[in-house]
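Read-outs throughout are calculated quantities, based only on the coordinates presented, and are distinct from any laboratory measurement. Please read all numbers here as calculations on a predicted model, not as lab measurements. Note: ideal-geometry Cβ built from the backbone for every residue, glycine included; neighbour counts use all protein chains shown.
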Amino acid sequence: MKLNPKDILKPTLVLFVICLVVTGGLAFTNKATKDQVALINKQTESDTQKRVLSAADSFGEKQSFGDGNENNYVVAKQGNEVVGYVFTTSSKSYGGAIKVMTGIDKTGKVTGVELLSTNDTPGLGLNAQKSEFRDQYKKAIPSSGQFTVTKSGETGDDKINALTGATITSKAVTSAVNDAIKEFNTVKGGA
């Protein structure tokens, strides 16, 4: 069988034109929806901030801390009074980075924890998204200054019971919350 250059060139050219049209369509769609996507992301972030610190009615501008710009916080206010802070922190987990938003009121009580992103195992690590796990953090910052993960069902002001089969995820979420507590102490000390 003899190959003719025309037999190779024609399908190649057709595929090139298809790719060009699809790429152009995707670029146009991306440009057309960019502002709407940014607006939706901002609204989602605002809704999550309200869930983790419901006493606030407004949230300030993001202020970065730590390494990179993944970790940041905003001041939460009720009217003109500061009622607390909302921290966004990340930690390394089983499925990669896990991003957590933590609300801490001005008295030093964790008011809420939400997972913003995680790639952990469904049915195991993703159980960290359930309120039964996240609500364990809703208490005063421990006297030791950080929460610790336990598998034995121990109780105490600093104990967080690990998810069954997902200790790495439990430790990652706890590490992110502890980073928020550490920054809260820095911000509060400097305020």
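Structure data summary
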{"read-out": "Computed E for LYS182/THR121 - FRET, C-beta separation, R0 22 angstrom, nearest 0.05", "value": "0.20"}
{"read-out": "Cross-link partners of LYS138 among aspartates and glutamates (Cα-Cα below 19 Å; sequence separation of 8 or more within a chain)", "value": "ASP47, ASP105, GLU114, GLU154, ASP157, ASP158, ASP179, GLU183"}
{"read-out": "Stokes-Einstein D (µm²/s) once Rh is taken as the Kirkwood radius of region 1-60 over alpha-carbon pairs, at 4 °C in 1.567 mPa s", "value": "81"}
{"read-out": "Candidates per GluC sites (Glu not before Pro) in region 126-191, loop by DSSP, up to 16 other Cβ within 10 Å", "value": "GLU154"}
{"read-out": "Principal-axis tilt of helix 167-190 within the chain, Cα atoms, nearest 10 degrees", "value": "60"}
{"read-out": "FRET efficiency, 1/(1 + (r/R0)^6) with R0 35 Å, evaluated for SER152 and LEU39 via beta carbons", "value": "0.15"}
{"read-out": "Per residue, the convex hull volume that the Cα atoms of region 53-190 enclose (Å³)", "value": "101"}
{"read-out": "For the chain, share of DSSP beta bridges that run antiparallel, in % to the nearest 5", "value": "90"}
{"read-out": "Equivalent ellipsoid semi-axes - Cα gyration tensor, region 104-175, angstrom", "value": "21, 14, 9"}
{"read-out": "Acute angle (nearest 10 degrees) that the helix 5-52 long axis makes with the longest principal axis of the chain, alpha-carbon atoms", "value": "20"}
{"read-out": "Among SER91, THR44, VAL17 the positive-end extreme of the charge dipole of region 1-131 (Cβ point charges)", "value": "VAL17"}
{"read-out": "Qualifying lysines (Cα of each under 27 Å from Cα of LYS2; at least 8 residues distant if same chain)", "value": "LYS10"}
{"read-out": "Where trypsin sites (Lys or Arg not before Pro) fall in DSSP loop in region 84-158, at most 11 other Cβ within 10 Å", "value": "LYS130, LYS151"}
{"read-out": "For region 64-141, convex hull of alpha carbons as volume per residue, Å³", "value": "99"}
{"read-out": "Rounded Å value of the spacing that divides the Cα centres of region 102-133 and region 1-73", "value": "25"}
